[in-house]
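Participant: Can you keep this structure in mind? I'll have questions shortly.
The values are calculated or read from the model by the stated rules, or taken from the named source; none is laboratory data. Predicted model, so just to flag it, every value in this text is computed and none were measured. For neighbour counting, all protein chains shown are included, and Cβ atoms are generated from backbone atoms with ideal geometry for every residue, glycine included.
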Amino acid sequence: MEFVSGVESVLTEHSCSLLLRLVRGPEEEEAGLLESWWRARQIAGSILVDFHTDDPRPTVAERLGLPVVAVGPPLADRGGSPPCGRTTPRR
C-alpha cells in the first residue's frame, strides 16, 4: 500500500490521478487493455509489475509509445523482452 500511496502523492503534485486496475488474467489480456485504453486516450501512462519471461506488455507499450514505469528487475536479466525505451509524454 505504501507503493500506491507514494505514486498517488507524486501524481497529485502534477494534478494527475491514479486509476488502479488489477488484471488477473494472462499478460496478453492486460496488453490488450493497455492498447485499447491508450488508443481511446483514457490513460497517459502505466505502471507495469510482475514480469514474466516473454511478457508482451513492454513490447506493446513500446510499439504504442505508451509511457510506462517498469517495477522489478530488468527483463533482459531473465531472458525476456528488453526494457522499454524512453518516450515523450503525450499531451
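Participant: Every residue in region 1-27 that is among the charged types (D, E, K, R), surrounded by 10 or more Cβ atoms within 10 Å (Cβ to Cβ) and over 13 Å from the mean Cα position of the chain (by Cα), please.
Facilitator: Residue satisfying the conditions is 8 alone.
Participant: Look through region 48-59, keep the residues that are out of contact with any Asp or Glu (no Cβ under 6 Å at 6 or more places or on another chain) and of a type outside the set (D, E, K, R), and return whichever of them is farthest from residue 20 (Cα to Cα). If you could, list the steps in order and put the result at the bottom.
Facilitator: Of the residues in region 48-59, the ones out of contact with any Asp or Glu (no Cβ under 6 Å at 6 or more places or on another chain) are 48-54, 58-59.
When the remaining residues are screened for being of a type outside the set (D, E, K, R), the result is 48-49, 51-53, 58-59.
Details: 48: 11, 49: 12, 51: 17, 52: 20, 53: 24, 58: 18, 59: 21 Å.
Going through the qualifying residues, I end up with 53.
Participant: Where residues in region 34-54 are out of contact with any Gly (no Cβ under 6 Å at 6 or more places or on another chain) and crowded, with 18+ Cβ neighbours inside 10 Å, which of them is farthest from residue 69 (Cα to Cα)?
Facilitator: For region 34-54, the residue satisfying everything is 38.
Participant: Taking residue 58, is it crowded, with 16+ Cβ neighbours inside 10 Å, of a type outside the set (S, T, N, Q) and modelled with pLDDT of 90 or more? Before the answer, list the steps.
Facilitator: Numbers: crowded, with 16+ Cβ neighbours inside 10 Å: yes; of a type outside the set (S, T, N, Q): yes; modelled with pLDDT of 90 or more: no.
So residue 58 does not fit the description; no.
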